[in-house]
């Protein structure tokens, strides 16, 4: 089984030194890669900027922006059996990136934002006989929003987790299938949750 995993945040630059991002640590995605290697999977990791070392034995691709993550995943996905999209990509980016550094003017500034590429939705569009597992980190109406993401992005499964997982060593997740039914709940260290998820997938997606 050859499995693609996306992990970490992405960055969208306002100018040459400032950027928009989020607090994703990449720990969940990296734990999934490590767990997959332990059960004998061939793991391909596409990661945004994090303070983690790629698990030994995986194929590693480093990216910065959402566009770069989209390009790498779309290039790698055809040679994989499935993807686990754990990355927390930026949903918006500045319409224009300023060359140099924005200087203070003493007043307010306005930034026009546009949506970034929807990496997960595009993977769902081109999946054919491959499987797609998405992650949904939701604060309001979590299950309803996760179900909308599952269906809109043509995922086979969605992993629902919550904002308190950001930067934490532990996680509490709900695995939801394409019919909107809960398959499993797992709580514990991210390494333990990753092991449960990969073991579950290995029995059902092989």
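Throughout, read-outs are computed from the coordinates displayed, never taken from laboratory work. As the structure is a computational prediction, the values presented were derived from the model and not from experiment. Reconstructed Cβ throughout: ideal geometry from the backbone, glycine too, with neighbour counts over all protein chains shown.
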Selected residue (only one of 30, 13 is surrounded by 16 or more Cβ atoms within 10 Å (Cβ to Cβ), touching a residue at least 40 places away in the same chain (Cβ under 8 Å) and at negative phi): 13
Name every residue in region 101-147 that is free of Cβ contacts under 8 Å to residues at least 12 places away in the same chain, surrounded by 10 or more Cβ atoms within 10 Å (Cβ to Cβ) and in a loop (DSSP other than H, G, I, E, B), in order of residue number. 141
Can you name the residue in region 90-100 that is in a loop (DSSP other than H, G, I, E, B) and touching a helix residue (DSSP H, G or I) at 6+ places or on another chain (Cβ under 9 Å) and is also farthest from residue 31 (Cα to Cα) among such residues? 91
Residues of region 157-186 being within 30 Å of residue 51 (Cα to Cα) and in a loop (DSSP other than H, G, I, E, B), in sequence order, are 162, 166, 167, 168, 169
Those residues of region 57-89 which are surrounded by fewer than 23 Cβ atoms within 10 Å (Cβ to Cβ), touching a helix residue (DSSP H, G or I) at 6+ places or on another chain (Cβ under 8 Å) and part of a loop (DSSP other than H, G, I, E, B) amount to 57, 58, 63
Any chance residue 192 is surrounded by fewer than 16 Cβ atoms within 10 Å (Cβ to Cβ), within 22 Å of residue 41 (Cβ to Cβ) and in contact with a helix residue (DSSP H, G or I) (Cβ under 7 Å, 6 or more places away or on another chain): no
